[in-house]
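Just so it is clear, none of the values below were taken in a lab; they were calculated from the coordinates. Everything numeric here is computed off the predicted structure, so don't read it as measured data. Virtual Cβ from ideal backbone geometry, glycine too; neighbours counted across all protein chains shown.
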Amino acid sequence: MRFTKSMTPVFKVVAGMAVLAILMIIFPHKGRAAFEMPKKSWEIDGFIRNNTGVWTENWDYAETNDPLATCRNWLRLNLNGGITRSLNLKAEVLAVYEPEYPRERGGGIKANEYNSFDFRELRLDWRINPSNTLRFGRQIVNWGESLSARVGDVINPQDMRFDLGFTNLEDTRMPIWMVRGLHQLSFINSSLDWVFSPYMEPDRYRVNRIPSAAATVNSDGSFKAAPRFATYPETRIEEMFGTHNAMIAIPGAAPGGSTLVIPGAVVGPPLCYMYMGPIAAATATGMFGTAFAGTPYPAVGAYLVRVPKVTYDYPDSSLSDARYGFKTSTPIAGWQAGVYFWHGNEYSPTMRVKGGLAAGLNIVAEYPDQNVYGFTANKNFSFGVLAFDGAYRPNRHFNTTDLVKNPEAIVEKDHLLAQARLNKEFMIRKLNPFATFSLIVEYVGEFILDDLDDIHVPTYFIPYHKDSHTLLTSLSTGYRANMYKYGLTLIYNAQGSGLFQPEFTYTPDILNSELSFKIQWADVFGKNDYNYPYGLMRDSDMIILTTQYNF
Amino acid sequence: MLFFSSVLTAAVPKPGDVIDSSNVAQYTYYFPAFMVGFIKNGNDMTESSPIHVGDIKTPLPPESFRKASEKNIGKVTINPDDLSLTGFDFCGYPFPEVKEPHKSEKIIVNYYYKWRPADYYYDDKRIITSASQRKGGRIVRSTSKAACIVFVGRTAPGFQKNLDNPNGLYWAQFNHYMQLAFKDLKTLQWRYLDTKKDDDLWSYIPTLRRTLRMLSSEKANPINGTPLTYDDFFGFDGKLSQFTYKIIAEKTMLGNIAMDEEVLYKKHPDGYYDYPVFHGPDFPYGIADTYVVEVKPKDPRYPESKKVIYMNKINYQNMYSEIFDRNGELWKGLQMNVVKKKTTPGEDSYFSSQSDIDFKTGYWIQINGAANVQDNGLPADALTPGMFYTW
């Protein structure tokens, strides 16, 4: 945590919240009876976990096809307890170690890139009374109903450097500093959950962490290495031109010989412009000019890679950039329904081209403000539980490839995420006479509510669609009192990509059944390598063994 | 003929008797068949479990509850078709004197509205402990906590007023699982006053950091791979309107009807009891008159064909429950163990824990929840979907 002058207003706000809490105690409240909450005893627990995974496919762009996909080792320690009857401490420490991976060697990945030792959560809970709790500190908060997508789950940024089958969203959420209030408002039979979170983390923890840059290139044009969970690097070109070898021109340039150039137009996402193919020095100078910021060039005859100068405009610690929001929940006619609002920043960047391309490709990675307006609802029916979640973001920033109409490569569109889920438990006695099958079917739809204007996923030639539909189906059951558990998950996106993941978990009853072994096969499929979202990773199938001991 | 012959040849249990594998044949009348098996040879799950008969009396419901029950004499009527009551304010037994007509129905509503503390919870001195064992496996121990608030029918001194109840609840029950494999999994169950309305269930899943609405119509499904189901709690905890009821016998039984809490924790300070059924000289059984009630589901898809529950006539605590599968074979046996207690205001009371034994899988679980703290003034909104996970 950095202490800066700009945090003084933040402390004033936090102090104001504390005053509010005191007022809540002073004012009579139905929940504030004579009852005193029992003091929590102190507990220490945690787990040791290992994920070991191997790739089942080779990468045609990697120098080595060593199969080691992951060997992630975790130690999580939790300390919980009551300092007083009303004040509790929760401290959760996470230590992670991963070795260097052969497929990433030489790919610009730093040593200790994935290693960490830090507080995952560190908070003080002030249980004012059974109807009012304030939580101060570093926390993870999850709103919404979706299990497979981040619809209402808007508060915490995500660590996307490790991903796929062996993680769930919980493992990738990054904690943030916040004050959180949880209140039962008896007079309207509703609960209220609010969060106020100024940016107090270092920059890189304020937004989604993503794998560092794309593959490095050898002088002969072959690829050296890439971050393990980065997408196949040439998808950005292949969809547009049907080939890895393409030329992308800036206005006015007309390199000879290539029919793939679109004269007078600028194509491609702003972040990365590549020319792959032998090039003579004179041609290079003629094409790109001599003033070319931030780009080293290999020798003549080699492949030329042009990377613009990129700066990052992270959210700052000022009050104006603070995040805040609230969520309600009310029982109405058997439904549990509520609304939520969140003001924060996008956690994935959009790229703004400053000064135009001719000025030398200065790109600013921005994390613009966003407002999220959402609703949730769930109800128990005889056939199962239905749950809904919707998140509307007006004027959301997207990157466009049409830099003629939008020289800074940014457009604003209204955006909607909508989710519907069915949960059901049932018996199939012929298959399992003594335990239930759990079924989850979840649909997530993503909608751009305006014209598309050539919006693309930043850094890749992956176009958005006006609507995108994903279905998740998950089925699981257990035998011998859950000594053996089987699960099957299928995710399918209507664009033609998805994930098929069977898994088996064995929990022997040694060590008080706290040791478990899970094996999963993450089979990513897609029509092609640039099929969003899963096709990008379709060469990244893995088999993963997860061993965990709880203590 | 067999029934009469078993009565005629049965020994009459008296304090000081020890019933073990050598003489259990004389006492079969006083136990359900599965208990006879435990005494004889442990049912191949555990060691043989001898029962000591003590001078044990059934604990009465608290005096405030008994007084409230007396006020209902002659005032309450029942519709036998849907078991709805007229003239009942939820305080006390609706029918403290059980007579025909509709005796079975009156008994079951007495059971449904039996005494409960106005609220209870577990502090950190003593929590719920359970021991379980798969067939051929090792004993696995786990812990949990719970809290409960009853919204109507509160008779405890100082807590007679019904709580504000915009959701029409009878009670709200919270459970907090502390077994490390699913640590801090928390559940909330709402039971409504409307006996036709399904319960509502929520689970706070710590790995999701979110509360999920759970399916409550399938309350006969096993919970987390154990033999427990929501409908089996306390021997029978299903929705009144979803079953039919018939008294098939009234008989004297031997059961664990009044354990001493301090003896329990003196002998087992950590609270774990690593056997399917309580037995031995430390936990003597008492004699009690019971109603034997056959409970059958109206839904043909219900996994059980029937339950037979042995209900103590004095305090309506079940002593045993036998559960039969769709083929009519014995599937599970439940033993309820009643522990004598005192409420916070000082009334004599009790609380029931249970063991569940699944004879099809050979899996048993013994839950010791004796040590709750009763009648404390928990406020109405402590157990709501928005707040329960903050406990």
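Temperature 20 °C, viscosity 1.002 mPa s: under these conditions the Stokes-Einstein estimate for the range A:388-472, based on its Kirkwood radius over C-alpha pairs, is 138 µm² per second.
How much length is gained on full extension from B:Asn79 to B:Lys267, taking 0.36 nm per residue of separation minus their Cα-Cα distance? My answer for the length gained is 62.9 nm. The Cα center of the range B:244-297 and the Cα center of the range B:135-159 differ in position by 17 Å. Return the calculated 222 nm mean residue ellipticity for chain B, to the nearest 500 deg cm²/dmol, obtained by summing -39500 (n - 2.57) across DSSP H runs with n ≥ 4 and dividing by the residue count. That calculation yields -3000 deg cm²/dmol at 222 nm.
Projecting the Cα atoms of B:Val109, B:Val12, B:Val76 onto the charge dipole of the range B:1-110, computed from C-beta unit charges around the Cα centre, puts B:Val76 farthest toward the positive end. Ordering A:169-175, B:259-265 by mean Cβ neighbour count within 10 Å, with the highest value first, yields A:169-175, B:259-265. When +1 charges are put on Lys and Arg Cβ atoms and -1 charges on Asp and Glu Cβ atoms, the dipole computed for the range B:110-230 relative to its Cα centre reaches about 440 debye. Among A:466-478, B:366-378, B:50-62, sorting by the average number of other beta carbon atoms lying within 10 angstrom of each residue, highest first, gives B:366-378, B:50-62, A:466-478. Calculated on the alpha-carbon coordinates, the convex hull of chain B measures out at 141 cubic angstrom per residue.
Extending 7 Å from the Cα toward the beta-carbon at both A:Tyr373 and A:Lys430 defines two label points whose distance is 5.2 nm.
Arranged from fewest to most other beta-carbon atoms within 10 Å of their beta carbon, A:Ile491, B:Ile247 become B:Ile247, A:Ile491. Of the chymotrypsin sites (Phe, Trp or Tyr not before Pro) found in the range A:309-411, the ones in coil according to DSSP and having at most 15 other Cβ atoms within 10 Å of their Cβ are A:Phe383. Under the convention that each Lys and Arg Cβ holds +1 and each Asp and Glu Cβ holds -1, the size of the dipole of chain B around its Cα centre is about 420 debye. Only Lys, Arg, Asp and Glu carry charge here, each on its Cβ (+1 for the first two, -1 for the last two); on that basis the range A:509-551 has a dipole of about 120 debye about its Cα centre. Ranked for footprinting exposure by Cβ neighbours inside 10 Å, fewest first, A:Lys527, B:Lys197, B:Lys219 give A:Lys527, B:Lys197, B:Lys219. Counts of other chain beta carbons within 10 angstrom of each beta carbon in peptide B:202-213 average 5.
FRET efficiency for the pair A:Asp450 and A:Phe119, taken as 1/(1 + (r/R0)^6) with r the Cβ-Cβ distance and R0 = 51 Å, rounds to 0.75. Relative contact order for the range A:358-480: what percent, with Cα pairs under 8 Å and sequence separation of 6 or more? Rounded, it is 21 percent for the range A:358-480. By the count of neighbouring beta-carbon atoms within 10 Å, fewest first, B:Met319, B:Met45, A:Met178 end up ordered B:Met45, A:Met178, B:Met319.
For chain B, the relative contact order comes to 18 percent (Cα pairs under 8 Å, sequence separation of at least 6).
Peptide A:323-332 is shielded by partner chain Cβ atoms: per residue, an average of 2 of them sit within 10 Å of its Cβ.
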